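Rule-based calculations on the coordinates, nothing more; no lab input. The model shown is predicted, which means the values in this text are computed figures rather than measured ones. Glycine gets a Cβ as well: all are built from the backbone with ideal geometry, and neighbour counts include every protein chain shown.
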Amino acid sequence: MKKKIAVIGSGFAGISAATVLAEKGQEVHIFEKNEQIGGRARQFSAEGFLFDMGPSWYWMPDVFERYFKRFGHDPRDFYDLKLLDPGFTMVFEGNEIMDVPANFDELCSLFESIEKGAADKLVKFMEEAKYKYDVGINDLVYKPGLSLTEFIDFKLFKDVFRLQVFSSFSDHVKKFFKHPKLVALMEFPVLFLGAMPEKTPALYSLMNYAGLKMGTYYPMGGFHKVIQGMKTVAENHGVHFHNNEPVTELQIKNNLVHHVSANGNSMDVDAVIGAADYHHIESKLLKKEYRNYDEKYWSKKTFAPSSLLFYLGINKKVPGLKHHTLFFDNNLKQHSQDIYVDPKWPEKPLFYVCCPSKTDPEVAPIGQENVFILMPIAPGLEDNEATREKYYDILMKRLEDYVGEDIRNSVIYKKSYCVTDFVEDYNAYKGNAYGLANTLRQTAILKPRLKSKKVNNLYFAGQLTVPGPGVPPSIISGQVAANELLKKL
Ligand SMILES: Cc1cc2nc3c(=O)[nH]c(=O)nc-3n(C[C@H](O)[C@H](O)[C@H](O)COP(=O)(O)OP(=O)(O)OC[C@H]3O[C@@H](n4cnc5c(N)ncnc54)[C@H](O)[C@@H]3O)c2cc1C
């Protein structure tokens with residue numbers, strides 16, 4: 001019999017969970033607090049510019065393909081993907097540049113030119129990383145992580161050393177490469193999306209495989225196109241979207257959620273998937289006795305960074321910029337410490353600049369540039385206008401020095417976004433941007449559980465549960481949570 005299921009949140013995880021459930025014949029309602037769907041991947045336009053608010057690196061195209069194929073589609077039905085070449089540019093001290101080519105042979109030559117013997121080592125590194133990617137992304141991440149027994153028949157048990165779940169990412173990289181530029185290149189995905197490379201399992205060299213071997217893509221029209229494509233598929237399967245309707249309470253009877261209260265629309269339900277921030281659902285929508293975790297638990301978790309962001313419209317072209325530029329000109333270790341070890345506003349920040357108008361004419365008026373700046377910071381820092389402006393000056397000075405021309409006087413649109421906005425817009429714990437970090441103690445069954453221990457028809461999805469932060473894992477998370485709920489139904 002058809003069941004009525006509420007999904008909280010319309011990010012990648014929520015839409016993905018809802019669509020899987022609806023495809024199997026359930027009546028599914030997504031409640032979204034904001035006017036626009038997409039969560040951290042919303043988009044806005046201003047003064048002729050179209051800004052993606054969050055994700056900009058389209059990695060692991062196979063995950064998106066697998067998702068759309070499940071419903072008889074291909075990503076190309078909804079957006080054109082462009083392989084970026086160079087995939088990205090890194091800037092080191094003294095404005096030394098490293099363009100990271102899309103072609104792997106060219107990448108090997110680049111490595112060899114920086115460190116003798118590094119080309120062969122890169123080939124070897126990538127062979128191992130490919131194995132981790134194949135097992136990790138095709139098998140491991142689709143496990144619900146509810147019990148160790150899930151892994152018994154699984155290669156992980158036999159191959160725990162080969163997957164390097166228990167050794168450090170940092171040590172792993174340093175076994176292959178010595179030159180600081182190469183080490184920085186290999187460590188950046190972990191730093192931006194996770195935690196200190198020392199505390200991250202070497203398993204995550206699969207991210208290097210994804211970024212350097214499979215390539216960096218861009219969906220024309222912006223990342224929000226992915227959300228729009230997913231929405232079309234969801235609606236084709238009958239998913240109902242309720243925007244501007246924050247869920248305010250989950251009412252429990254006999255250890256089951258039986259009623260969802262939302263502003264404007266409340267309903268009796270047979271099950272719930274909580275795909276908003278996990279901590280918010282537990283601490284604000286559930287009474288204490290029904291929570292999996294208390295505040296102490298959350299305060300001890302290592303969160304991925306929050307961010308200070310600037311969305312800028314520039315009324316001229318900036319020839320010195322490429323699509324993705326990573327500024328690694330300051331000490332990587334010091335900035336990581338300021339995020340993860342001793343949380344404070346960084347003295348010498350590293351940052352990232354995205355200029356999608358280099359690839360996509362739709363996102364800026366002709367002859368102008370769309371620029372997005374991201375500086376990772378510790379979650380929970382005090383955030384005010386004066387601090388944002390202080391860093392705007394630091395980052396813009398640095399950027400102008402790099403491109404060799406004035407930009408500030410050409411900024412015709414500017415919006416900043418930081419910790420308090422993440423809290424306000426997404427109910428994000430401490431204003432986190434990318435959820436929970438992928439540390440050794442926060443992998444698979446050690447992450448917050450995908451299923452409630454106390455409420456029998458409540459499941460969780462999204463970047464705070466398995467498999468982790470980032471767009472591809474969030475899409476997978478929704479599917480895994482929906483599959484588990486379907487088993488129960
Ligand atoms: C600035 C930034 C840059 C990023 N860059 C990348 C990148 O380049 N590549 C990449 O792969 N990943 C990137 N990420 C990470 C990626 O965007 C996220 O991991 C992913 O979008 C999370 O999806 P989600 O569905 O788990 O959560 P969300 O997108 O946060 O969705 C949760 C939804 O729940 C809603 N909600 C909250 N409370 C309630 C309530 N009470 N009732 C109803 N709805 C509620 C929220 O409004 C939100 O829409 C980035 C993230 C940020 C913030």
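Report the equivalent ellipsoid semi-axes for segment 49-147 in whole Å, largest first, defined as the square roots of five times the eigenvalues of the gyration tensor built from alpha carbon atoms.
The equivalent ellipsoid of segment 49-147 has semi-axes of 30, 22, 14 Å.
What are the semi-axes of the equivalent ellipsoid of segment 207-288, taken as the square roots of 5 times the eigenvalues of the Cα gyration tensor, listed largest first and rounded to whole Å?
Largest first, segment 207-288 gives 34, 18, 12 Å.
Round to the nearest 10 and give me the degree value, 0 to 90, for the angle of helix 224-236's Cα axis relative to the longest principal axis of the chain.
With both axes taken from Cα atoms, the answer is about 20 degrees.
Please report, in cubic angstrom per residue, the volume enclosed by the convex hull of the alpha-carbon atoms of segment 309-445.
Once divided by residue count, the hull of segment 309-445 is 137 Å³.
Mind checking which aspartates and glutamates have their C-alpha under 16 Å from Lys82, skipping anything on the same chain fewer than 8 residues away?
Asp62, Glu65, Asp74, Asp360, Glu362
Compute the angle between helix 118-138 and the longest alpha-carbon principal axis of the chain, please, reported from 0 to 90 degrees and rounded to the nearest 10.
10 degrees
With N set to the residue count of the chain, report its C-alpha Rg divided by 2.2 N^0.38 Å to two decimal places.
Against the compact-globule rule of thumb, the ratio is 0.95.
Which whole number of Å³ per residue matches the convex hull of the alpha-carbon atoms in segment 259-326?
Cα-based convex hull of segment 259-326, divided per residue, equals 192 Å³.
Which length gain, in nm to one decimal place, applies between Asn34 and Met220 when the Cα-Cα distance is subtracted from 0.36 nm times their residue separation?
Taking 0.36 nm per residue and subtracting the Cα distance, the gain is 64.5 nm.
Please work out the FRET efficiency for the pair Glu27 and Lys213, using the Cβ-Cβ distance as r and a Förster radius of 60 Å; give the result to the nearest 0.05.
It comes to 0.90.
What aspartates and glutamates does Lys199 reach when the alpha-carbon gap must be under 13 Å and sequence neighbours fewer than 8 apart in one chain are set aside?
By straight Cα distance, Lys199 reaches Asp171, Glu187.
Applying 1/(1 + (r/R0)^6) with R0 = 25 Å to the Cβ-Cβ distance of Lys124 and Asn103, what FRET efficiency is obtained, to the nearest 0.05?
Efficiency at R0 = 25 Å is approximately 0.85.
Measure nothing but the geometry: give the 0 to 90° angle between the long axis through the Cα atoms of 104-114 and the longest principal axis through the Cα atoms of the chain, rounded to 10°.
50 degrees
Does anything in segment 105-137 have its amide N under 19 Å from the 7 Å Cα→Cβ label point of Leu446, and if so which residues?
Once the point is set 7 Å along Cα→Cβ of Leu446, 136-137 turn out to lie under 19 Å by backbone N, inside segment 105-137.
As an exercise, use a Förster radius of 35 Å and the Cβ-Cβ distance of Glu382 and Lys174 to find the FRET efficiency, rounded to the nearest 0.05.
0.50
Arrange Asp85, Asp360 by Cβ neighbour counts within 10 Å, fewest through most, would you?
Going from sparsest to densest Cβ surroundings: Asp85, Asp360.
Stretch Lys69-Leu83 to full length: gain in nm at 0.36 nm per residue minus the Cα-Cα span?
Taking Lys69 through Leu83 to full extension adds about 3.0 nm, to one decimal.
For Asn244 and Thr359 in one chain, what is 0.36 nm times their gap in residues minus the Cα-Cα distance, to one decimal in nm?
Roughly 38.1 nm would be gained on extension.
With N residues in segment 386-489, what two-decimal value do you get for its Cα radius of gyration over 2.2 N^0.38 Å?
Scaled against compact globular proteins, the figure is 1.55.
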